[in-house]
Amino acid sequence: MVVDDEAPIRDWLVYCIQKCEAASSVTSAVNGEEAYRRILEQKPNVVFTDIRMPGMSGLDVIREARAQGFTGKVIILSGYSDFKYAQEAIRYGVQYYLTKPIDEDELEEILRSIKENLDKDAATANTREHYREKARETIIRDLLTNDIDLSHINTTDLHLTADTYQVVIYEKYSHNTADASYRFSDLLRVTNQDNNSYDNITLQYHEVILLKGTFAIQKFNDFLERYRRERRPQENSPLDSLFITYGARVSDLSEVYISYIQAKQLLERRFFCEQEQHTIGYAELPDPDSLKSILNDAFLNRYATSLFEYLQAFNRNMLAETLTQLTNELYHAADSIDSIRLFLTDLYLQIKEQANRL
């Protein structure tokens, strides 16, 4: 931005800056008031400003802009080579102090030097942001696994401060790569500027979402409600290729891991879901205190005998009732899902063996 109340000088500076291709864009202001307003709005990387202008002086502009958080580089232009001006300019972080008339070669050298410094600053900022994002992912991961000391974390800086939290895990299980083109934010219909609405990381090969705040969680509930109304997703709908589990809402960051554990347990219990079921929530988790290990030979023989007898008698009602009872017992079993799978395989083989003896 070039700030000068004298149009010829202002236009000449704009021309010189554009000619040496040191800037991607150049704007101008005709007085201090306009410059101050536009600096706050546009946040230019570099400001050339005259000192003496009607109303706000160049130093006034820089002083007030600095007070509002402006961090751009500043070059003061003046027809007065008074040390007092230079001294005050340095106090506001002014990089250069040029006296009029300005030498074009000197101006070009300054512009190229500033551009070089800005490029270095940008590269440093990108590197810093890269490592910051890596650190952020590690912090979110430790938060989910309850392996973190929150007293050492600046939760505000990491956008982790909210009134409520909820963990969601989702799996994409379609082999059609086109199904993976959507983003979770598209499904929720929520923006996620600066990770304020949710964080998304991969943990133990699962896609994990940490919802933050009432707004994001309400959007997730709206999404679930839309699914329940449709029940059977339309063809090529994202829900056709998604399976979603979610833990309970928690009010404190230190409890986030509880919501994550619930969502993870539900993912493991996907085995019990009905056909076309794409979501399962914490309310469907059995009470941990009610779980007991039940799989043994006696349990297997009891069900194998009952089911075979009802099959032999063509008793459909008792078959259905027995299978429902078995499903309920297995759902509330403390045995692992792998053990339950093996049990069902053994059950099938034992019934088949009895049938082959007939």
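The values are calculated or read from the model by the stated rules, or taken from the named source; none is laboratory data. All values reported here derive from a predicted model rather than from experimental measurement. Every residue, glycine as well, gets a Cβ built from its backbone with ideal geometry; the counts of neighbours run over all protein chains shown. With ligands, DNA and RNA removed, areas are computed over all heavy atoms of the protein, side chains included. Shrake-Rupley method; radii C 1.70, N 1.55, O 1.52, S 1.80 Å.
Ordering 258-265, 26-33, 117-124, 65-72 by mean Cβ neighbour count within 10 Å, with the highest value first, yields 258-265, 26-33, 65-72, 117-124.
Of the residues E133, E109, E116, ranked by 1.4 Å probe accessible area with the largest first, the sequence reads E109, E116, E133.
Using R0 = 22 Å, the C-beta based FRET efficiency linking T191 and R226 works out to 0.75. All C-alpha to C-alpha distances of the range 230-345, sorted into 10 Å bins beginning at zero, yield P(r) values of 11, 32, 31, 20, 5, 1 percent in whole numbers. Heavy-atom accessible area for R341, with the other protein chains in place and a 1.4 Å probe, reaches approximately 110 Å². Between N356 and E116, the modelled labels are 8.4 nm apart [label points 7 Å from Cα along Cα→Cβ].
If I compute solvent accessible area with a 1.4 Å probe over the protein chains, what percent of it on the range 304-358 is carbon and sulfur?
54
For the pair F215 and T345, label points projected 7 Å from Cα toward Cβ lie 5.0 nm apart. The packing ranking of peptides 295-303, 36-44, highest mean first, is 36-44, 295-303, where packing means the average number of other beta carbon atoms within 10 angstrom of each residue. Shown here is the pair-distance distribution of the chain: with all Cα-Cα distances grouped in 20 Å bins from zero up to the longest one, the shares run 21, 31, 26, 13, 8, 1 percent. Extents of the range 310-358, largest first, come to 34, 23, 8 Å (Cα atoms, principal axes, whole angstrom). Taken about its Cα centre, the chain carries a charge dipole of about 740 debye when Lys and Arg each add +1 at the Cβ and Asp and Glu each add -1 at the Cβ.
Modelled this way, with points 7 Å down the Cα-to-C-beta line, the labels at E321 and A123 are 7.9 nm from one another. With the highest mean first, a sort of the peptides 48-55, 99-106 on other beta-carbon atoms found within 10 angstrom per residue produces 48-55, 99-106.
3J(HN,Hα) along the range 202-207: 9, 9, 6, 6, 10, 7 Hz, from the Karplus curve 6.51 cos²θ - 1.76 cosθ + 1.60 with θ = phi - 60°, whole Hz, x for Gly and Pro.
Work out the P(r) tail for the range 15-63: percent of alpha carbon pairs separated by more than 13 Å, whole number.
That tail contains 56 percent of the Cα-Cα pairs.
Taking each of K43/K100; K212/K264; K120/K212; K264/K352; K212/K292; K219/K292 in turn, the alpha-carbon distance tops 29 angstrom for K120/K212; K264/K352; K212/K292; K219/K292. Across the range 1-126, Cα pairs under 8 Å and at least six residues apart give a relative contact order of 22 percent. Solvent exposure of the chain amounts to 58 Å² per residue of accessible area, where only protein heavy atoms count and the probe is 1.4 Å. Annotation: extensible slack from K19 through Q277 equals 86.5 nm (criterion: 0.36 nm per residue apart, minus Cα-Cα distance).
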